[in-house]
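To start, the structure under review is shown below, and the notes come after it.
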Amino acid sequence: MEEVKKTKPLGQVLKGAGVFVISAMLVMYFVFMDQSRIGGQSPVAGSVDGKDVYYSKTSTFGRNYEKREEYYRENGVEITDAVRKRIERYAFDRAVEELLIQDRAKRAGIFVSDENVVGNIKGAYFTDSNGFNEQGYRSYVSRAPRSQKMQMEREVRSSLITETFKFELFQNIKVNPLEVEEEMLRKNNRRKVRLVFADAYERVARAEIASNTLHDYFVRESSNFMQYEIAAISVSSMSKAENIYRTLVKNPGAFAQTAKEKSDDAETKANGGVVGFFTKGDLPSTFLRQLSAIKMKPNTVAEPLMHDKKYYILLIKSTRMPAFSDVPLATVKRAYLEAKTDYLTAQEKGKLRAELEKQYGATKKFSDVARLDGFSLYESDYFSFGESVSDAKNGQLPPSSENVFHVSAFSLGKGGVSPVIDFESGVGMLEVVDAQAASLTNAATNDVQTLAYRLMSQKVNLIGNAWYEGEYAKARIVYKLEKMRGGR
């Protein structure tokens, strides 16, 4: 494969993980308009009961997508193509949920006044230190385009209707005091454990895979390795990007010359904006979403997007089906592991279980097991059932977010040792170092109130999920995004 010249900053953007700048403040919406909405049109991810679900940046889909992707990145999850699919489906389902709630709220006669909508928009201009920023609000009212203000009002009204409907649905839910007492007892019952654990995912990821195995996979799945020659124009504002897009969408042949004249990226503008050849899996999700919207079609200009504080207009110049030798082995290996993860992890778990049982059976010492390849020894701080569990040296215990970890720990008394536990990501054993008995004697009033509120929230979530699942089952759901991505 011809080597793609490393470029800064655009080449790094395409070769890197991608960075999303996400603001939780409502006022940021006024600054960053919907980056996927050009000429009044937005890409459609699917529909519910005939109503379109848009995947523009500021739609319910877009907001949930970026929040979930940011969460994954913060927790060290690699954003592979399979992960993108899960995030997209999650975002779509959240958008469907909101549309269903909006529809049911309308049937129930729940409406929100214009005064409430305006009041909530004004609320974005309040600060703890300076109070109401009247000048900022008036600037928004006088300068923001009418379409932007209408979109904001729709978003705020939708959010208020959703919250009002949920309040009406759940206002009669109560928590029994005995439930609070039972939960307090459970919360004050604490354990301290030692854990020996091996991560099967990690072992699979670092395992050597024979070149002929990767070659056979490449041949079988060659369509997944289609490469797309990407060209991009980088500019400093969305208004510039929109103006360039409106010109180029009618005349894609002028892309190279326009890139030379107007692109801010010094490394690629001289080459007509050409960055290089990439598979779908190599592209940042923001790029892939816009290119998928044009069905990855060559010589078609994609709508502008914002990525890593810059604005881009993209073009697929050409496609090619590379030979195995033209694709980096790392790319093929990543795709192979992504497709075979469940099978390979199950195999690795079997090997690790056998090693663990053999070593512990011989010496009865966790320290000896920890010397085996891939195994680590952890000793937790005290924790309650369901709490996050940390190790003083190594941070959070890898499998402690799983229910089976807590069930195993609290089914044993002090000195008890579990059998081999099959966790989602690997295998392990735990020993209870200490067990503290529960007591309500010193329970503070605010702790009881906090716990009661948490139990109420759990009930609301459970009932809400049950309601949503029932409504979802009755609704006509059409999910188009999978097909638009070409099955990738």
Quiz item: Are any of the residues in the range 352-364 in contact (Cβ under 8 Å) with a residue 40 or more places away in the chain and β-branched (Val, Ile, Thr)?
Solution: no
Quiz item: Are any of the residues in the range 119-128 within 30 Å of the chain's Cα centre (by Cα) and closer than 26 Å to Val460 by Cβ?
Solution: yes
Quiz item: Would a scan of the range 42-61 turn up a residue that is modelled with pLDDT of 80 or more and assigned to a helix (DSSP H, G or I)?
Solution: yes
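Just the residues that are part of a helix (DSSP H, G or I) and either among the polar types (S, T, N, Q) or at pLDDT 75 or above (or both), please, taken from the range 159-176.
Initially, the range 159-176 is screened for residues part of a helix (DSSP H, G or I), giving 159-170.
Ser159, Leu160, Ile161, Thr162, Glu163, Thr164, Phe165 - these are the residues of the range 159-176 that are part of a helix (DSSP H, G or I) and either among the polar types (S, T, N, Q) or at pLDDT 75 or above (or both).
Might you let me know whether the range 243-250 holds any residue that is touching a Leu at 6+ places or on another chain (Cβ under 8 Å) and either assigned to a helix (DSSP H, G or I) or aromatic (Phe, Trp, Tyr) (or both)?
Of the residues in the range 243-250, the ones touching a Leu at 6+ places or on another chain (Cβ under 8 Å) are 248.
Going one step further and asking which of them are either assigned to a helix (DSSP H, G or I) or aromatic (Phe, Trp, Tyr) (or both), we end up with 248.
Yes - at least one qualifying residue is present in the range 243-250.
For every residue, the table says whether it meets (1) at pLDDT below 75; (2) assigned to a helix (DSSP H, G or I); (3) outside the structural domain of Arg203 (by TED's automatic domain parsing).
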site	(1), (2), (3)
Lys414	no, no, no
Val432	no, no, no
Asn442	yes, no, yes
Leu451	yes, yes, yes
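If I filter the range 310-348 down to residues being among the β-branched types (Val, Ile, Thr) and not in a strand (DSSP E or B), which single residue comes out as farthest from Asn251 (Cα to Cα)?
Going through the range 310-348, the residues among the β-branched types (Val, Ile, Thr) turn out to be 313, 316, 319, 327, 331-332, 341, 345.
Checking the rest, the ones that are also not in a strand (DSSP E or B) come to 327, 331-332, 341, 345.
On the way: Val327: 32, Thr331: 34, Val332: 36, Thr341: 44, Thr345: 50 Å.
Per the criteria, the residue is Thr345.
Going through the range 121-134 one residue at a time, which ones are surrounded by fewer than 18 Cβ atoms within 10 Å (Cβ to Cβ) and closer than 18 Å to Met150 by Cβ? Talk me through it step by step, then tell me what you get.
So in the range 121-134, the residues surrounded by fewer than 18 Cβ atoms within 10 Å (Cβ to Cβ) come out as 122-123, 126-134.
Result: Lys122, single match.
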Self-check item: Hits in the range 62-111 - residues which are within 21 Å of Glu471 (Cβ to Cβ), free of Cβ contacts under 8 Å to residues at least 60 places away in the same chain and part of a loop (DSSP other than H, G, I, E, B)
Solution: Gly109, Ile110, Phe111
Practice problem: Spot the failing condition for Ser425; the list is (1) modelled with pLDDT of 85 or more; (2) more than 30 Å from Asp368 (Cβ to Cβ), and only one is missed. | Solution: (2)
Practice problem: Could you please tell me which pairs satisfy a Cβ distance under 6 Å, a separation of 6+ or placement on different chains, a first residue in the range 243-268 that is assigned by TED's automatic domain parsing to the domain that holds Tyr311 and of a type in the set (S, T, N, Q), and a second residue that is surrounded by 14 or more Cβ atoms within 10 Å (Cβ to Cβ) and in a helix (DSSP H, G or I)? | Solution: Ser263/Lys269; Thr268/Leu10
Quiz item: Which condition number in (1) polar (S, T, N, Q); (2) free of Cβ contacts under 8 Å to residues at least 24 places away in the same chain; (3) surrounded by fewer than 13 Cβ atoms within 10 Å (Cβ to Cβ) is the one that Ser56 fails?
Solution: (3)
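Considering the range 180-214 alone, what residues qualify as being assigned to a helix (DSSP H, G or I), over 27 Å from the mean Cα position of the chain (by Cα) and modelled with pLDDT of 90 or more? Please lay out each step first, then the result.
First, pick out the residues of the range 180-214 that are assigned to a helix (DSSP H, G or I): 180-188, 200-206, 211-214.
Still in the running and over 27 Å from the mean Cα position of the chain (by Cα): 180-188, 211-214.
Correct list: Ser211, Asn212, Thr213, Leu214.
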Exercise. Go through the range 355-374 and give me each residue that's under 19 Å from Arg206 (Cβ atoms) and either exposed (fewer than 10 other Cβ atoms within 10 Å of the Cβ) or more than 36 Å from the chain's Cα centre (by Cα) (or both).
Key: Asp373
Quiz prompt | Filtered residues of the range 456-478 (kept if within 24 Å of the chain's Cα centre (by Cα) and not in a helix (DSSP H, G or I)) | solution = Ile477, Val478
Quiz item: Do the conditions hold for Thr286, that is, is it more than 26 Å from Glu66 (Cα to Cα) and part of a helix (DSSP H, G or I)?
Solution: no
Quiz prompt | Conditions (1) in contact with a Leu (Cβ under 9 Å, 6 or more places away or on another chain); (2) part of a helix (DSSP H, G or I); (3) among the aliphatic types (A, V, I, L, M): number failed by Val275 | solution = (2)
Exercise. Kindly indicate whether any position in the range 456-476 is at pLDDT 90 or above, surrounded by fewer than 17 Cβ atoms within 10 Å (Cβ to Cβ) and touching a Ser or Thr at 6+ places or on another chain (Cβ under 9 Å).
Key: yes
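The values are calculated or read from the model by the stated rules, or taken from the named source; none is laboratory data. As the structure is a prediction and not an experimental result, all values here were calculated from the model. Cβ atoms come from the backbone with ideal geometry, glycine included; neighbour counts cover every protein chain shown.
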